[in-house]
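Below: the structure, in structure tokens.
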Amino acid sequence: MKNPFVGTGVALVTPFRKQETIDFSKLEKLIDDIIDNGVDYIVALGTTSEAATMTDTERHALQDFIVECVGGRCPIMLGLGGNNTLAVRDAIANTNFDGISGILSVAPYYNKPNQRGLAQHFKHVAEASPVPVIVYNVPGRTGVNMTAETTLSLARECPNIVGIKEASGNLTQVMQILHDKPDDFAVISGDDSLTLPMVLMGAQGVISVIANSMPKEMSTMVRHALKGDVKKAVPLHFRLLPLMNAIFEEGNPSGIKALLEIQGKIGNTLRLPLVKVSKPLYNKLSSLYEEFNG
């Protein structure tokens, strides 16, 4: 299957009101801002959305709203994963895929399966999904790393698995995948700060957190990198880097929500167990944003 996810995807945050209900009005404005400023696709209900703290009713309402709001202006990738393979298959079977171009499925967390277990899990997901699958390796959150060998075997054996969001932070592992993968298998950066080197080595873009806040700058940097225009990509990368690093100092999406509030785009409300960033980090983000615009 063809992979529609090239360039800059944004791991969309969910604005909440102070009562912690979803702020659909602010979400609509955020989506319009992101699309108008050049992001290539949107990731709905990913980790950054705080989907883990939502009810099924909220997740379905959020998906429907995002699809309607995007209105076909760009592809949408839907976060759909878990650590219970049968439950993930059931969730796929009960999902409305109208307006959805693919799914992002995170490696099973907490269970700590071995590599054979990871491979079998994703084969079941691929068989169940009516749309292309991007697998998501993020050992810092799941507790298990999917090796390059496992990724490459899935790439070769499962036509419906069209790529991987690689957030291991291990560039040696990334390089092995890039070197040995099938030509039509996409490697997508899962770390904002590593996007430039990964794209220059052959990755097809990024699923970005900073792009919630800086959609134009991040998508422009990625486009330059995809064209191999290092002279234009590198200065943008280093200009964004302090903010990229700072938003993750006290966890995600706490940092990006603080920055979005500083910009006046959404309120700084999270659902427990996530909390707002500390005052020193908030002040640091405010100063970095002023410097960015200075």
For the structure I just gave you, tell me whether Arg141 is assigned to a helix (DSSP H, G or I), at pLDDT below 95 and open to solvent by 50 Å² or more (accessible area, probe 1.4 Å).
yes
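The rows are residues; the columns are (1) β-branched (Val, Ile, Thr); (2) out of contact with any Phe, Trp or Tyr (no Cβ under 9 Å at 6 or more places or on another chain); (3) over 13 Å from Phe292 (Cα atoms).
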| site | (1), (2), (3) |
| --- | --- |
| Pro215 | no, yes, yes |
| Gly228 | no, yes, yes |
| Leu236 | no, yes, no |
| Leu241 | no, yes, no |
| Ile247 | yes, yes, yes |
| Gly251 | no, yes, yes |
Considering only residues of region 102-113 that are open to solvent by less than 40 Å² (accessible area, probe 1.4 Å) and out of contact with any helix residue (DSSP H, G or I) (no Cβ under 6 Å at 6 or more places or on another chain), which is farthest from Val43 (Cα to Cα)?
Pro113
Just checking, does region 205-226 include any residue being modelled with pLDDT of 95 or more, open to solvent by 10 Å² or more (accessible area, probe 1.4 Å), over 15 Å from Thr48 (Cβ atoms) and in a loop (DSSP other than H, G, I, E, B)?
no
Please verify whether region 160-169 includes one or more residues that are buried (at least 22 other Cβ atoms within 10 Å of the Cβ), in contact (Cβ under 8 Å) with a residue 24 or more places away in the chain and more than 20 Å from Val43 (Cα to Cα).
no
Hand me the list of helices (runs of 4 or more DSSP H) wholly inside region 5-124 holding 1 or more residues that are aromatic (Phe, Trp, Tyr).
24-36, 56-70
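Can you work out which of the residues in region 67-87 that are of a type in the set (A, V, I, L, M) and open to solvent by less than 30 Å² (accessible area, probe 1.4 Å) is nearest to Ile207 (Cα to Cα)?
Looking only at region 67-87, we keep the residues that are of a type in the set (A, V, I, L, M), and these are 67, 70, 76-78, 80, 86-87.
From the residues that got through so far, the ones that are open to solvent by less than 30 Å² (accessible area, probe 1.4 Å) too are 70, 76-78, 80.
Details: Val70: 17, Ile76: 12, Met77: 10, Leu78: 12, Leu80: 15 Å.
So, considering only residues that are of a type in the set (A, V, I, L, M) and open to solvent by less than 30 Å² (accessible area, probe 1.4 Å), the one nearest to Ile207 (Cα to Cα) is Met77.
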Just one listed residue, out of Phe185, Phe238, is open to solvent by less than 10 Å² (accessible area, probe 1.4 Å) and either modelled with pLDDT under 95 or among the aromatic types (Phe, Trp, Tyr) (or both), and it is Phe185
Which is closer than 20 Å to Gly267 by Cα, at pLDDT below 95 and among the acidic types (Asp, Glu), of Glu50, Glu58, Glu20?
Glu20
Top-ranked residue in region 253-277 [being in contact (Cβ under 8 Å) with a residue 12 or more places away in the chain and part of a helix (DSSP H, G or I); ranked as most open to solvent (accessible area, probe 1.4 Å)]:
Ile262
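Does Leu178 satisfy the criteria of being hydrophobic (A, V, I, L, M, F, W, C), out of contact with any Ser or Thr (no Cβ under 7 Å at 6 or more places or on another chain) and either open to solvent by 20 Å² or more (accessible area, probe 1.4 Å) or over 22 Å from Ala87 (Cα atoms) (or both)?
Numbers: hydrophobic (A, V, I, L, M, F, W, C): yes; out of contact with any Ser or Thr (no Cβ under 7 Å at 6 or more places or on another chain): yes; either open to solvent by 20 Å² or more (accessible area, probe 1.4 Å) or over 22 Å from Ala87 (Cα atoms) (or both): yes.
Here the answer is yes, as Leu178 does meet what is asked.
So which residues in region 211-242 are in contact with a helix residue (DSSP H, G or I) (Cβ under 8 Å, 6 or more places away or on another chain) and charged (D, E, K, R)? First the steps, then the outcome.
Step one: filter region 211-242 for residues in contact with a helix residue (DSSP H, G or I) (Cβ under 8 Å, 6 or more places away or on another chain), giving 211-215, 217-222, 224-226, 228, 230, 232-234, 236-237, 239-242.
Glu217, Lys232, Arg239 - these are the residues of region 211-242 that are in contact with a helix residue (DSSP H, G or I) (Cβ under 8 Å, 6 or more places away or on another chain) and charged (D, E, K, R).
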Out of region 31-53, which residues are within 12 Å of the chain's Cα centre (by Cα) and β-branched (Val, Ile, Thr)?
Ile42, Val43, Thr47, Thr48
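The values are calculated or read from the model by the stated rules, or taken from the named source; none is laboratory data. Here the structure is a predicted model, which is why all the values come from computation and not from measurement. All Cβ positions, even for glycine, are placed from backbone atoms using ideal geometry, and neighbour counts span all protein chains on display. Just so you know, the surface numbers come from the protein's heavy atoms only, side chains and all, with ligands and any DNA or RNA stripped out. Shrake-Rupley method; radii C 1.70, N 1.55, O 1.52, S 1.80 Å.
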